[in-house]
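The values are calculated or read from the model by the stated rules, or taken from the named source; none is laboratory data. Note that the coordinates shown come from a computational prediction; the quantities given were computed from them, not determined experimentally. Every residue, glycine as well, gets a Cβ built from its backbone with ideal geometry; the counts of neighbours run over all protein chains shown.
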Amino acid sequence: MRAAILLILTLSACAPAAPGAVNDPYEPMNRRVHAFNKGLDAAVLRPVARAAGGGDDAAAATTAAAPAGPTAIPAGPIAAIGNFGSNLSLPGKVVNSLLQGRPEPAVRNTFRFLVNTTVGLGGVLDPAGADFALPEIDTDFGETLHVWGVPEGAYLELPVLGPSTERDLAGKVVDLFIDPLDSVLTDEQKIAGTGARIVSKAGDRAQFGSTVDSVLHDSADSYAQTRLLYLQHRRFELKQEQDAIDPYAE
């Protein structure tokens with residue numbers, strides 16, 4: 001926690017980057033981490049995502065699979081586990097919305113959590129989104145820091161977690177400490193929640209498999225492409241630049 005606070009104070013003293021600029025003083029280290037993440041994706045995440053049966057990759061995998069190949073994992077269980085993990089993350093998002101001075105998304109996420117925890121059997125189902133028009137409003141402490149005026153700092157690629165910035169890294173650390181459920185859940189429940197979030201990421205990898213493959217495994221410089229897409233998308237999410245666009249928009 002002290003390290004996160006120190007990093008936040010350091011970032012606060014930094015001058016904001018020019019619009020559209022890429023601040024990457026750690027590129028040699030980042031590229032080594034990227035190579036590790038790329039290898040991990042090829043060896044573990046992509047095969048698991050294809051087995052999960054998502055996106056265009058699933059169809060290709062089904063067509064090309066030999067009789068002895070892996071059996072596809074039903075999408076229902078993957079979605080249910082992902083719903084459970086997402087539901088556990090909602091109280092932390094409520095806290096961040098309040099810290100940002102945005103009561104409306106805090107209230108909506110609170111109602112979503114209550115509905116899915118009760119009617120949705122602990123968050124395994126999503127009646128809040130399906131029946132009550134209460135989609136999850138995503139946020140994190142990285143966005144809170146942005147609202148408070150902290151610049152994004154240098155670009156980072158983190159092992160396993162992937163693209164980030166110094167500000168978002170500090171946000172990830174603080175998010176671990178401000179989650180209201182942390183003082184309520186048992187150690188076993190926390191482990192289950194972490195596992196559910198990991199499975200949820202596998203579901204995301206399946207859903208966007210073709211896009212991820214084109215960036216990681218088909219582009220001439222997958223590191224530069226990943227960095228560009230992440231910064232564009234994150235700045236679009238935070239409305240950090242007036243002319244920012246969503247690189248994933250249709």
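Points to keep in mind about this one:
- Subset tally (residues that are of a type in the set (Val, Ile, Thr) and over 30 Å from Ala35 (Cβ atoms)) for segment 177-226: 3
- Taken as a whole, the structure places Asp175 among residues that are farther than 22 Å from Gly20 by Cβ, in contact with a helix residue (DSSP H, G or I) (Cβ under 9 Å, 6 or more places away or on another chain), in a helix (DSSP H, G or I) and not basic (Lys, Arg).
- Test set (1) surrounded by 16 or more Cβ atoms within 10 Å (Cβ to Cβ); (2) at pLDDT 80 or above; (3) within 30 Å of Asp221 (Cβ to Cβ) - Ala52 fails condition number: (2)
- Check on Arg205, within 26 Å of Gly20 (Cα to Cα) and either part of a helix (DSSP H, G or I) or at pLDDT 90 or above (or both): no
- Identity of the residue in segment 122-132, in a loop (DSSP other than H, G, I, E, B) and either free of Cβ contacts under 8 Å to residues at least 24 places away in the same chain or among the basic types (Lys, Arg) (or both), that ends up surrounded by the fewest Cβ atoms within 10 Å (Cβ to Cβ): Asp131
- Selection within segment 18-43: residues that are among the small types (Gly, Ala, Ser) and assigned to a helix (DSSP H, G or I). The member of this set that is nearest to Gln240 (Cα to Cα) is Ala35.
- Some residue of segment 150-167 being part of a loop (DSSP other than H, G, I, E, B), more than 18 Å from the chain's Cα centre (by Cα) and surrounded by fewer than 16 Cβ atoms within 10 Å (Cβ to Cβ): no
- Lone unmet requirement of (1) more than 18 Å from the chain's Cα centre (by Cα); (2) at pLDDT 95 or above; (3) within 24 Å of Arg234 (Cα to Cα) for Asn116: (3)
This table checks each residue for (1) farther than 20 Å from Gln189 by Cα; (2) of a type outside the set (Gly, Ala, Ser); (3) in a helix (DSSP H, G or I); (4) free of Cβ contacts under 8 Å to residues at least 12 places away in the same chain.
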| residue | (1), (2), (3), (4) |
| --- | --- |
| Gly82 | no, no, yes, no |
| Ser86 | no, no, yes, no |
| Ser89 | no, no, yes, no |
| Asn96 | yes, yes, yes, no |
| Gly101 | yes, no, no, no |
| Pro105 | yes, yes, yes, no |
| Asn109 | yes, yes, yes, no |
| Leu134 | yes, yes, no, no |
| Asp138 | yes, yes, no, no |
